[in-house]
Amino acid sequence: MTTGKGARLDLIGDTAVHLLVERGMRGLTHRAVDEAAGLPSGSTSYYARTRAALLEVALARMTMREAGEFADAMGSDAAEAAGIQPPAGGPAGGPAASPSDLAALLPSDPDAVVDLLAGIVDAAIRDGRDQKIARYELALEATRRAELRGAYDEAGRAFREAAVGLLAAMGAQDPVRQGRSLVAWCEGMMFDAIAGSGWSAPPSRADIAAGMRELLAGILKSG
C-alpha cells in the first residue's frame, strides 16, 4: 500500500488528471488541485513547485494507471518482461524483454494476439476515456515545453518497445518500423473514438478486432 509522500503524490496526480479532463490545460493550477483534492492551501506547490513539475506528476500518475491496465490485459509477467510496469513513485519503464522472452509469455497465435490488442484498445475507448483525454492535453502541451517533451516520450517508450518485441516474436520482417505503424493504428483508433469525429459512434470490439486482424495480416505478409 502506498503511504506518506507516495499517497499524496498519487492524490495530486489523480486530481490533476481529472482537472485536465474537466477544465483543460488552463484549468490545471496548483490552487485548483488543492481545492479539488481537499488539500490545505499550498500542498500541491510543496510537492510540485513549478507548473512543469505539476505536469510531470500528472503524466507519471496517468502512465502508472495505464501500465496497470496493460498489465491486466497482457498478464503481469508479460507486462513486466516488456518493461510495462508501474514502479512506486514513477512512470512505467524498464528494460524490455528480448523477442524470445516475449514469445514465451505472450500468445503467438495471430487470432489470440488480435484478441489481446483489440481488448486493450476497446477498454481504452469504453473505460479509459478520461485518461486518454488527459494524455491528449499533455501531448499538445509537450509540443510547447521541452522539459515535458522528454518526460512524455520516455513515458511512452515501454509501450512502443513492447509493440516492437511483440511483432519481432511473431516473425515480422521490420519490427521497429512496423511496430510504429501498429502503435499509430491503435492510437489513431482511440483518438477518433474518444476525441475525433468518430466519438458519437465508436467502433465495437468486433470492428476493432477486424481492423487489427487486417493490419497484422499485412505486416506479417510483407517482406
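The values are calculated or read from the model by the stated rules, or taken from the named source; none is laboratory data. What you see is a predicted model; the values in this text were computed from it and never measured. With ideal geometry, Cβ positions are generated from the backbone for all residues, glycine too; neighbour counts draw on all protein chains shown. Note: areas computed on protein heavy atoms with side chains; ligands, DNA, RNA excluded. Shrake-Rupley method; radii C 1.70, N 1.55, O 1.52, S 1.80 Å.
Report, by residue number, each residue of region 183-206 that is touching a residue at least 40 places away in the same chain (Cβ under 8 Å) and open to solvent by less than 40 Å² (accessible area, probe 1.4 Å).
Cys186, Met190, Ala193, Ile194, Pro203
How many residues does region 154-182 contain that are open to solvent by less than 20 Å² (accessible area, probe 1.4 Å) and within 16 Å of the chain's Cα centre (by Cα)?
7
Being part of a helix (DSSP H, G or I) and surrounded by 15 or more Cβ atoms within 10 Å (Cβ to Cβ) is true for just one of Ala217, Ala209. Which residue is that?
Criteria check complete, one pass: Ala209.
Picking from Ala195, Ala162, Ala184, Ala210, which residue would you name as being at pLDDT 90 or above and more than 30 Å from Glu22 (Cβ to Cβ)?
Step by step, each of Ala195, Ala162, Ala184, Ala210 is checked, and only Ala210 is at pLDDT 90 or above and more than 30 Å from Glu22 (Cβ to Cβ).
Filter region 123-152 for residues that are farther than 18 Å from Phe191 by Cα and of a type in the set (D, E, K, R) and give the result.
Arg144, Arg145, Glu147, Arg149, listed by residue number.
Given Glu35, Glu22, which one is modelled with pLDDT of 75 or more, more than 22 Å from the chain's Cα centre (by Cα) and either of a type in the set (Ser, Thr, Tyr) or open to solvent by 40 Å² or more (accessible area, probe 1.4 Å) (or both)?
When all the criteria are applied, what remains is Glu35.
Pro40 fails exactly one of the following numbered conditions: (1) surrounded by fewer than 17 Cβ atoms within 10 Å (Cβ to Cβ); (2) under 20 Å from Leu138 (Cα atoms); (3) of a type outside the set (A, V, I, L, M). What is the number of that condition?
(2)
Give Asp130, Asp153 a once-over and let me know the one that is without any contact (Cβ under 8 Å) to a residue 12 or more places away in the chain and either out of contact with any strand residue (DSSP E or B) (no Cβ under 9 Å at 6 or more places or on another chain) or farther than 19 Å from Leu116 by Cα (or both).
Sole residue among the options that is without any contact (Cβ under 8 Å) to a residue 12 or more places away in the chain and either out of contact with any strand residue (DSSP E or B) (no Cβ under 9 Å at 6 or more places or on another chain) or farther than 19 Å from Leu116 by Cα (or both): Asp153.
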